[in-house]
Amino acid sequence: MPEAIYTLALTSEFIGTLLIGIAVLRVHMRVRKEHGIDDRVLKAIKREQWLTKLGLLLIIIGFILSFV
């Protein structure tokens, strides 16, 4: 496997995992701050979904590139 593709695969997987971790932490911090789940927290969760989806996409790209 060419070194550039391997590096790209590892970088994509790392960034994807990091983005998912950040999204989860932000939602948990919001729930902790608000002491429950209300409309405000649900809106924050919906906003964080794009970060999670992007993270998952990068993990998938990294996985695929690791086999190229």
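Quick notes on this structure:
- Selected from Val24, Tyr6, Gly55, residue furthest toward positive end of dipole (the chain; charges at beta carbon): Val24
- Using the Karplus relation 6.51 cos²θ - 1.76 cosθ + 1.60 with θ = phi - 60°, the per-residue 3J(HN,Hα) values for segment 41-49 come to 5, 4, 5, 5, 5, 5, 5, 7, 4 Hz, with x marking Gly and Pro.
- For the chain, relative contact order (Cα pairs under 8 Å, six or more residues apart, normalised by length) works out to 60 percent.
- Under 12 Å, Cβ to Cβ, from Lys43 - net charge with Lys/Arg +1 and Asp/Glu -1: 0
- Heavy-atom surface of the chain, accessible at 1.4 Å and reported per residue (Å²): 77
- Counted by Cβ distance under 15 Å from Ile61, the other residues give a net charge of 0, where Lys and Arg count +1 and Asp and Glu count -1.
- Distance in nm between pseudo-label sites at Ile5 and Leu57 (7 Å out along the Cβ direction from Cα): 2.2
- Simple Cβ-charge dipole of the chain, Lys/Arg +1 and Asp/Glu -1, about Cα centre, in debye nearest 20: 400
- Two-decimal Rg/Rh across segment 1-61, once Rg and the Kirkwood Rh are taken from alpha-carbon atoms: 1.19
- Dividing the summed -39500 (n - 2.57) terms of all DSSP H runs of n ≥ 4 by the residue count of the chain sets its mean residue ellipticity at 222 nm at -31500 deg cm²/dmol.
- On the chain, 70 percent of the accessible area sits on carbon and sulfur atoms, based on a 1.4 Å probe.
The values are calculated or read from the model by the stated rules, or taken from the named source; none is laboratory data. Treat the numbers as computed from the prediction; the structure is a model and nothing was measured. With ideal geometry, Cβ positions are generated from the backbone for all residues, glycine too; neighbour counts draw on all protein chains shown. Please note that ligands, DNA and RNA were not included when accessible areas were found on the heavy atoms of the full protein model with its side chains. Shrake-Rupley method; radii C 1.70, N 1.55, O 1.52, S 1.80 Å.
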